[in-house]
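Taking it in order: structure first as C-alpha cells, then the write-up.
The values are calculated or read from the model by the stated rules, or taken from the named source; none is laboratory data. As the structure is a prediction and not an experimental result, all values here were calculated from the model. Every residue, glycine among them, receives a Cβ derived from its backbone with ideal geometry; neighbour counts consider all protein chains shown. To get the accessible areas, we keep the full protein, side chains included, count just its heavy atoms, and leave off ligands, DNA and RNA. Shrake-Rupley method; radii C 1.70, N 1.55, O 1.52, S 1.80 Å.
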Amino acid sequence: MILHVPHSSREIVDSGLFPDIVPEELDHLTDAYTDVIARHAVDLAGRKPWLFINRLSRLVVDPERFADDEMVAVGMGPVYTHGYAGRRLRADDPVRDEALLTEHFRPYAEAMTTLVGQRLTATGQAWVIDVHSYPTARLPYELHGDGPRPPVCLGTDGFHTPPELIAAARAAFPGSALDTPFAGCYVPLDHYHRDPAVRALMIEIRRDQYMTEPGGPPTAGLATISRALADLVDTIPGRVAAGATDPAAGMT
C-alpha cells in the first residue's frame, strides 16, 4: 500500500509566482497537515504502508493535474496561472512552464510510477490511497462544489476502486460519502485504466474535522483522523503485506 500526499507542502521555489499573494493562496489551497496525518497513520498501522509525500507546494506544479485536465479552463492545470478565487498567480510564460514540468512534474510522476511498479513486481498488486483535505465552504475555483460536503469524501474510479476498498473506507470513516464534492483518484498514467491490479482511492478530509481554517493550527480531531486512516490501512481485504516501508519516501 502507498499513502500518497501531494498537496500538504507550503514550500515555494522560484517559479514566477507573484509573491504578495502567495501566503493567502497557500492558506486556502494547501491540504495542511495531511502529511502529518499520513505519518501518524504509518506509526499507528500494524501493516506498514509506503509513504510518498510531495515536498513542494502545488503552487509550483500540481502533480495531479494534466494537460487535458478540466481545471485548465480555470487556470489550474499542471502549472497554475490562477488561484483559488480566480486571481492571477503568475504571468503566462510557456518557456518557464516547460522548465517547471521538466524539473518537477515529470520526475515526480516517474518516481510514483516506479514505486507502483515495484510494488506490483514484489506483491502482484498496488494500493494507492491519495490523502487530501478540502475546505468546509466551497471555494470559487471548484467546478463541482455544489453537492454535499461530508466529513470525508471518498473519490473513486470505476476501473481502479473495487467494492471491498469502498466498504473498508466507509467503515473506517463513518459519515463519508462517495465522489462529492470531488471525484476520482490518482493512478500513474502508465497504469491508468490498464492494470486492474492497481487499486486506488482518494480520501478528502473536510478541514473542520482536524484544523482551524483556512490556514490555522491543527485540532484534537487530527488524532481521530489519523487513527481512522490507520484502521483503513490495516483492514483492506485481500491486501498483500508490503514487507517493508520507507516513511521518508517522496520527491519532487
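For region 43-72, give me the residue count where each residue is outside any loop (DSSP other than H, G, I, E, B) and aromatic (Phe, Trp, Tyr). I'd like the intermediate steps shown before the answer.
So the first thing to find is which residues in region 43-72 are outside any loop (DSSP other than H, G, I, E, B), and the list is 43-44, 50-53, 70-72.
So of that shortlist, the ones also aromatic (Phe, Trp, Tyr) come out as 50, 52.
Result for region 43-72: 2.
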Looking at this structure, is Pro174 closer than 18 Å to Gly221 by Cα, more than 19 Å from the chain's Cα centre (by Cα) and not β-branched (Val, Ile, Thr)? yes
Enumeration of residues in region 143-158 that are surrounded by fewer than 16 Cβ atoms within 10 Å (Cβ to Cβ) and without any contact (Cβ under 8 Å) to a residue 40 or more places away in the chain: His144, Asp146, Gly147, Pro148, Gly158
Checking Leu154 against (1) at pLDDT 95 or above; (2) outside any strand (DSSP E or B), which test does it fail? (2)
Can you tell which of Arg55, Arg65 is free of Cβ contacts under 8 Å to residues at least 40 places away in the same chain, within 16 Å of Glu103 (Cα to Cα) and surrounded by fewer than 23 Cβ atoms within 10 Å (Cβ to Cβ)? Arg65
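Looking only at region 73-103, how many residues end up being assigned to a helix (DSSP H, G or I) and open to solvent by 70 Å² or more (accessible area, probe 1.4 Å)?
First, pick out the residues of region 73-103 that are assigned to a helix (DSSP H, G or I): 73-74, 94-103.
If we keep only those that are open to solvent by 70 Å² or more (accessible area, probe 1.4 Å) too, we end up with 73, 94-95, 98, 102-103.
So the answer is 6.
On the basis of being over 22 Å from Ala109 (Cα atoms) and touching a Leu at 6+ places or on another chain (Cβ under 9 Å), does Ile53 make the cut?
Numbers: over 22 Å from Ala109 (Cα atoms): no; touching a Leu at 6+ places or on another chain (Cβ under 9 Å): yes.
Against the criterion (over 22 Å from Ala109 (Cα atoms) and touching a Leu at 6+ places or on another chain (Cβ under 9 Å)), Ile53 does not qualify.
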Suppose we keep only residues that are open to solvent by less than 20 Å² (accessible area, probe 1.4 Å) and charged (D, E, K, R) within region 1-52. Which one would you say is farthest from Ser226 (Cα to Cα)? Glu25
Condition (residue is among the hydroxyl-bearing types (Ser, Thr, Tyr), over 18 Å from the mean Cα position of the chain (by Cα) and in a helix (DSSP H, G or I)) applied to region 111-133: is it met by at least one residue? yes
